[in-house]
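Comments concern the structure below.
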Amino acid sequence: MSLATLLLLADGRLPSGGHAHSGGLEPQISAGRVRDVTGLEGFLHGKLATSGLVAAAFAAATCADVRRCGELDAGMDARTPSPALRKASRAQGRALLRAGRAMWPVSPHTGREPHQPVALGALAAAAGLQPLEAAVAAAHGVTTGTASAGVRLLGLDPYAVHALLARLAPVCDRIAAQAADRCGDAVDDLPAAGAPLLDIGAEHHATWEVRLFAS
Amino acid sequence: MRAEARVVAEADGRGGTRLAVLRGESPLLLRQTGPRSGTATVHLVGGAAGPLRGDELRLDITVGPGAALDMLSVAAQLALPGRAAPASRMTVTASVADGGVLRWMPEPLIAAAGSDHIVETRVTVEAGGTVLWRDDLVCGRHGEDSGDVHTDVIIGYAGTTVYRHELTAGPRAPGWSGAAVLGEGRAVGTIVVAGPGVSATAGVMGADAAVMPLAGPAYLVTAVGADSRRVKDALDPYCSRALVAA
């Protein structure tokens, strides 16, 4: 494994369009549920335990065996009831693959527009990384992308937000370890933790005419 | 306490449904209610307090070809702490054959403070069958903290999993009362409808409810609210028999 390669895959500057998404934060700010760093912390703990765990598990499972891309992609569909979130996940998957194909030889099993965690797992495999590393990159991406959206949407103190991210780092490690432990499970047995307000918020967000983030 | 209950609904050959099996034991007692023609209706009647920690309950529902069954309950199910023991567990399985229709619409599950309860739901619908599956959850009785509760649902249609969802709430669940999961909401309800040609247009109802077409021939209605009344108001209109009529 190459630590530098993992850092590259998890880097927010990877040109994969991730900065265009708030991870579901924008609608919750609009609904008045997140107003400050404390609200962001509660949001991120819940997001990590739900969609973060699912993303980490599916990235790890794809990385462990890229021939499973098709069934894992269908498994993400079944865990993503919001059509707005399915669309956002596939858009991010496609953008990530585009960047990744320029970097590493990505498996042809991946398809054109997979869910983002499947794309991430396929890239991790192509880069020679292990399932646990794919899971860490997924969990890390869930927190950092959302946190930077919080800085932009609420004008939060970036130092306070990074202090929050430092507190969440061990949580990301724990979630990733849980996810990687289960990476060989049958698709129905993989984590499926849902977050009702993320789903409902995404559907509200999709109806807005003006928004800062795509999702 | 361990208890098992079983319902088997079959077409009676005259356009109605008969219950070939209707068997339960306390606290999972089953009673057939309503008229004996057309759709069969069964109420779940709580025969004891609980579930309490350590309880293992199981309900199996089978709806045969051309049969129609409505499953309801007479009162909310209240998960309680009881003695120090592992989590209480309720397992519900349902299978619906081609041409069968099942509506599962029980009263809410309430996770009282100190309870530790797991609900596992496995629904299998053959191509041509229809299901409406509703689950309402209330996190704590009025003015009290939530117990620990974990729900784990798989709904499959024509051999494909169309809905796979777990929800964990209560003091042991990180971030469950944060703005991603339930926020200030203490009640949440879902309806999944799956069947031949089932479709819906995505839409929102008020701030905290939405209709979501799933990737398969199915849709989900989800509502979060301060209490079960808000969730009931949002979801009840989506339970009508017309929605599942073949």
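Values quoted throughout were computed directly from the atomic coordinates according to the rules given, and no laboratory measurement underlies them. Owing to the predicted nature of the structure, the values given are computational and were not obtained by experimental measurement. Methodologically, a virtual Cβ is constructed for each residue, glycine included, from the backbone with ideal geometry; neighbour enumeration extends over all protein chains shown.
Placing a label point 7 Å from the Cα of B:Arg14 along the Cα-to-Cβ line, the residues of segment B:37-64 whose backbone N sits under 13 Å from it are B:37-38. Each Lys or Arg adds one and each Asp or Glu subtracts one; over the other residues with Cβ under 13 Å from the Cβ of B:Ala49, this totals +1. Here the spin labels are modelled as points 7 Å beyond Cα on the Cα-Cβ line, and at A:Arg67 and B:Arg36 they lie 5.8 nm apart. Just so you know, the Cα atoms of segment B:143-216 work out to an Rg and Dmax of 14.8, 43 Å. Using a cut-off of 11 Å between beta-carbons, work out the net charge of the residues near B:Pro106 (Lys and Arg +1, Asp and Glu -1, B:Pro106 not included). Around B:Pro106, the charge tally is -2. The simple spin-label model puts a point 7 Å past each Cα toward its Cβ; for A:Ala186 and B:Glu56 those points are separated by 2.0 nm. When chain A is treated as a GNM, springs tying every alpha-carbon pair under 10 Å, which of A:Leu123, A:Leu156, A:Leu132 comes out with the largest mean-square fluctuation? Fluctuation is largest for A:Leu156.
Taking chain B as a Gaussian network, Cα atoms linked when under 10 Å apart, which of B:Ala49, B:Ala180, B:Ala210 shows the biggest mean-square fluctuation? Largest GNM mean-square fluctuation: B:Ala180. Exposure proxy ranking for A:Phe43, A:Phe213, based on other Cβ atoms within 10 angstrom of each Cβ and starting from the fewest, stands as A:Phe213, A:Phe43.
Note that segment B:37-45 has calculated 3J(HN,Hα) couplings of 10, x, 5, 7, 10, 10, 9, 7, 10 Hz, one per residue in order, obtained from phi through the Karplus relation 6.51 cos²θ - 1.76 cosθ + 1.60 (θ = phi - 60°); glycine and proline are x. Scalar couplings 3J(HN,Hα) for segment A:58-63, obtained by applying the Karplus form with A = 6.51, B = -1.76, C = 1.60 to θ = phi - 60°, are 6, 5, 5, 5, 5, 4 Hz; x denotes Gly and Pro. Per the Cα gyration tensor, segment B:8-105 maps to an equivalent ellipsoid with semi-axes of 29, 13, 9 Å, ordered largest to smallest.
Placing one equal scatterer on every Cα of the protein assembly as shown and applying the Debye formula, the log10 ratio I(q)/I(0) at q = 0.11, 0.12 Å⁻¹ is -0.86, -1.01.
I want to make sure I understand the PRE zone here: with the label point 7 angstrom from the Cα of A:Lys87 toward its beta carbon, which residues in segment A:14-49 have backbone N atoms less than 19 Å away? Only A:17-28 pass the distance filter.
A simple rule links phi to the HN-Hα coupling: the Karplus curve 6.51 cos²θ - 1.76 cosθ + 1.60 with θ = phi - 60°, which for segment A:168-185 gives 7, 4, x, 5, 4, 4, 5, 4, 5, 5, 4, 5, 5, 4, 9, 5, x, 5 Hz, with x for Gly and Pro. Using alpha carbons only, the radius of gyration of segment A:3-206 set against its Kirkwood radius gives Rg/Rh = 0.94. In whole angstrom, chain B maps to an equivalent ellipsoid with semi-axes of 28, 23, 15, each derived as √(5λ) from the alpha carbon gyration tensor and ordered largest first. Here is the list for segment A:1-51: trypsin sites (Lys or Arg not before Pro) lying in DSSP coil, each with at most 13 other C-beta atoms within 10 angstrom of its C-beta, are A:Arg13, A:Arg35. Say R0 is 25 Å: what FRET efficiency, to the nearest 0.05, do B:Asp98 and B:Ala200 get from their beta-carbon distance? Efficiency for this residue pair is about 0.70.
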